Amino acid sequence: TSSSSGSGDLYRYIRYNSNYTKSLADLHEELERLGYTRLPKGEGVGKEKYPLGDKEYFEDEHLGEVLFVFNGATTWWNKSRWYEDGGIILQDKASCMPAKVLMWAWEDDEGECIDATAAPGNKTSYVSALMGNKGILHAFERSPNRYKTLTRMLEKAHCKNVKAQRADFLESDPKDGEYKKVTRILLDPSCSGSGIVNRLDYLLEDDVEESDSKTERLEKLASFQLQMILHAFKFPSARRIVYSTCSIHPEEDERVVLAALQSKIAKDKGWKLAPREQVIPSWERRGRPEEIGGDEDLAQGVIRCLPEDRTNGFFVSCFVRDDPAGLSIS
Ligand code: SAM
């Protein structure tokens, strides 16, 4: 519950930022210096140690060696330079998943990426790190204030491969030569935020009028979210698009994905949903078949997270297509 936010009841997830000058071994050494003990990694939600002792941590099972799990009450970074220097990022586990799914089987020479809705930049900085801080990651953010936050975050996180612009993704021209090498797009658009239990990691914006009823609000958000996906479908070299929300409402999750798959443009351009094997297969909580046309395979392709998984509520999906015709990226 929100009242337990920041307390020992929750896990605190910390991501190692590989863009930083110091290594992962250095991070473990720093934790040892601070008196922390590393436990063997957890093996499945509910099987890992919980609650953790004040000075214990382990490597997350699903995100691998960049994400570490601590007792929710820890504040060790106040006694270390690692946070201030951008060596670690406080990021909920669920919020790490979209970048991980986007960058599945990435090869350095594949092309460029877009983060269409970037601020405050947690996912941008993770994609940047997964690209090895090389190549080009175009980052869009339309809100002027949030754009400032984004640029500060990118600097702090040592991102050298991000080309950030204060711009509306929907107004970008997919045919612009600037984007002709873009093969992967991350879409983490504004949503109701209904999944958030630990607000510390999130900076919510209020795009929708407070006076709207819940149904109207969800309808507006869902139609905007769908528009964003359909726009991303138009990028000529794109072959992988991740759509995520921190909402637990099917209206913003499976139903938006289904509408995107049923669109004319998806059919014309060959967009499908990625199979489970490409979308953190070991994560057990998948989509709700009844919300995605009763199709069990589609439901298996998407990920849901709930507070009982000791993360924020979240949704991750991934659209793919075979190499678009005429794609030549070198
Ligand atoms: N991915 C971010 C992270 O993990 O740090 C969080 C993104 S937040 C859920 C959505 C962001 O998208 C907000 O900062 C919002 O201002 C921005 N946004 C919404 N619509 C947009 C658009 N059409 N073009 C660019 N940015 C947009």
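Things worth noting here:
- Share of Cα-Cα pairs in region 2-90 lying beyond 21 Å, as whole percent: 25
- Antiparallel DSSP beta bridges within the chain, as percent of all bridges there, nearest 5: 55
- Cα-derived Rg to Rh of region 38-101, Kirkwood definition: 0.96
- Using a Förster distance of 35 Å, the FRET efficiency for residue 194-residue 78 (Cβ separation, nearest 0.05): 0.65
- Cut-off under 5 Å, modelled amide H: who pairs with residue 56 long-range: 37, 71
- Projected-area average for the chain over all orientations - Cα convex hull basis, square nanometres: 16.3
- Each other residue within a Cβ distance under 13 Å of residue 109 adds +1 if Lys or Arg and -1 if Asp or Glu, for a net charge of -2.
- Put in order of Cβ neighbour count within 10 Å, fewest first, the listed residues 131, 103 become 103, 131.
- Value in Å of the Kirkwood radius, where region 218-330 supplies the Cα pairs that are averaged: 14.4
- Phi angles across region 216-227 convert, under the Karplus curve 6.51 cos²θ - 1.76 cosθ + 1.60 with θ = phi - 60°, into 3J(HN,Hα) values of 4, 4, 5, 4, 5, 4, 5, 6, 5, 4, 5, 4 Hz, Gly and Pro given as x.
Each value in this text was obtained by applying a stated rule to the coordinates, not by laboratory testing. Bear in mind that the values here come from a model prediction, so they are computed numbers and not experimental data. For neighbour counting, all protein chains shown are included, and Cβ atoms are generated from backbone atoms with ideal geometry for every residue, glycine included.
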